[in-house]
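The values are calculated or read from the model by the stated rules, or taken from the named source; none is laboratory data. No experiment lies behind these values; they were computed from the predicted model shown. When we count neighbours, we look across all protein chains shown, and the Cβ atoms used for this are built from the backbone with ideal geometry, even at glycine. With ligands, DNA and RNA removed, areas are computed over all heavy atoms of the protein, side chains included. Shrake-Rupley method; radii C 1.70, N 1.55, O 1.52, S 1.80 Å.
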Amino acid sequence: MMFNIKSFTTKLRNSNKKTLLTNHFRYIALFLFCSVLIYSTQTMFELYVSAQHSHQQLSKLQNQALELSASLSEETALNQTLKATIEQKKQVLKILNQRIDDMEYVLGLHETNKDLNLQERVNTAAIDSAMKATLFQLIPNGKPTPNVQLTSGFGTRVHPITKQRKRHDGLDFAAKRGTPIYAPADAVIEKVNKSQRGYGNQLILNHAMGFVSTYSHMSKFNVKAGQFVNKGQLIGWTGNSGLSTGPHLHYEIHFLGKPLNPRPFVDWDIKSFDTIFKKEPNVQWASLLNTVGSMVEMQVQLASQNHEAMFQTVNQPKSNPKQANTP
């Protein structure tokens, strides 16, 4: 059998074409596989990075949620505390308002103050009460010998020793010898007179606003001339010195040198504050009240301003030294 070179060459060429074509498809498939693999790897990496970022964001959000929850809990607790404080302040304000009502009733301001706000009512009550307290401190009031019986009043009477009808310019209190005598108001001791005649041992107290009080037939003195005394201070003891039928205190009140009936002053207290203005017409009470009221009002306003200034100072926030030194 004769070898056919042309036929072999043709077969070999066809075989090489098939191999080349197969290899070409393999390369294409390998390239496509590698491309898909690279794309998949890149996609997976991007997904991993995105997942990590999402996880970080989730952790951050969880932390923020925890912080917000804690802050909300604090605010809730603070709100509860504030509500409790507000309720407590309301109760205090209610009690304060009731006390102001009671004080206004005692001071006789319950009708005049009904259209004022709380601050105005407090100021008015403070001024009124301060004015009354000032008057009771400066003008004689109450008994100089507490719990002692009054035996003789003011006016004309028959003198128990001379048996003559004579004006009696004071009150007599039947006090046992050695009964304490107290100053009925602030004063300066004008005179200390030791004597066994007439009024006997006598004290003269010079009070404010033109008022003077005298104490006669005393046994001993507890003060000296020129000494300042306060209301309620012990000034001496009762006795039986001078022209007297027995131990007692003869008590007088003078205004601008004129004797007044001491009885309205002895009975004068906060409950009967206005009665003395009607019972004692020899004093220009309106002018006196206006003067004392103006003085007290100024003192109350100054005290209120000082209180507000102190309150603002206490509540003023402290400045940061570092911020203050920053240019």
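Quick notes
- Strands (runs of 3 or more DSSP E) completely within segment 146-258 that count 3 or more residues being crowded, with 16+ Cβ neighbours inside 10 Å: 171-173, 187-193, 201-206, 211-221, 234-238, 249-255
- Qualifying residue in segment 189-198 (condition: in contact with a Leu (Cβ under 6 Å, 6 or more places away or on another chain), over 18 Å from residue 146 (Cβ atoms) and modelled with pLDDT under 95): yes
- Taken over segment 126-145, the criterion of being among the small types (Gly, Ala, Ser) and assigned to a loop (DSSP other than H, G, I, E, B) is satisfied by 142 alone.
- Among residues of segment 167-180 that are touching a residue at least 40 places away in the same chain (Cβ under 8 Å) and farther than 14 Å from residue 260 by Cα, those with a beta-carbon under 9 Å from a residue that is open to solvent by 50 Å² or more (accessible area, probe 1.4 Å) and of a type in the set (Lys, Arg) at least six positions away or on a different chain give the pairs 173/143; 178/220.
Results for (1) at pLDDT 75 or above; (2) open to solvent by 80 Å² or more (accessible area, probe 1.4 Å); (3) at negative phi; (4) not hydroxyl-bearing (Ser, Thr, Tyr), shown as yes or no for each residue.
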| residue | (1), (2), (3), (4) |
| --- | --- |
| 35 | yes, no, yes, no |
| 47 | yes, yes, yes, yes |
| 53 | yes, yes, yes, yes |
| 58 | yes, yes, yes, yes |
| 70 | yes, no, yes, yes |
| 73 | yes, no, yes, no |
| 105 | no, yes, yes, no |
| 111 | no, yes, yes, yes |
| 121 | no, no, yes, yes |
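- Yes/no for residue 272 being among the polar types (S, T, N, Q) and surrounded by fewer than 18 Cβ atoms within 10 Å (Cβ to Cβ): yes
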